[in-house]
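Mind looking over this structure? Questions follow.
The values are calculated or read from the model by the stated rules, or taken from the named source; none is laboratory data. Quick caveat, the model's predicted, so the values are computed rather than measured. Counting neighbours? That spans all protein chains shown, and the Cβs are built from the backbone with ideal geometry, glycine included.
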């Protein structure tokens, strides 16, 4: 099967942020994935370990300006660092809308720290 077909997806890129402070939506937010020149990210899953007040967490396909597309949202109760991590798989993946878009994380929580791994591949 050719790489990227619906039957055979190869995961070969892991992006990790360890215990980063995530600010409220509208403030500075961490970039999880910046694809290489002329590439798109192809997201296949995310692992999140939180230490946070209750809030809504969102992954965005972002042009690094004002244009954003919501990929995934998760409403989270107040979580301590001892709780199990959250794993979300995207069985058919999510390909960014255009080349050069970045993957960002936003939250509505007033205090939040997260360790995050996003994984997938990059496509032209």
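Checking the conditions here, which among 74, 103, 70, 59 is closer than 20 Å to residue 42 by Cβ, free of Cβ contacts under 8 Å to residues at least 40 places away in the same chain and under 12 Å from the mean Cα position of the chain (by Cα)?
70
Which condition number in (1) surrounded by 13 or more Cβ atoms within 10 Å (Cβ to Cβ); (2) part of a strand (DSSP E or B); (3) modelled with pLDDT under 90 is the one that residue 94 fails?
It fails just one condition, (3).
Here is a further query. Criterion first (farther than 19 Å from residue 31 by Cβ, in contact with a strand residue (DSSP E or B) (Cβ under 6 Å, 6 or more places away or on another chain) and at pLDDT below 90) does residue 117 satisfy it?
Against the criterion (farther than 19 Å from residue 31 by Cβ, in contact with a strand residue (DSSP E or B) (Cβ under 6 Å, 6 or more places away or on another chain) and at pLDDT below 90), residue 117 does not qualify.
For residue 7, are the conditions met, namely being closer than 15 Å to residue 118 by Cβ and at pLDDT below 90?
In short, no.
Also: Is it the case, given these coordinates, that residue 124 is over 14 Å from residue 43 (Cβ atoms) and crowded, with 18+ Cβ neighbours inside 10 Å?
no
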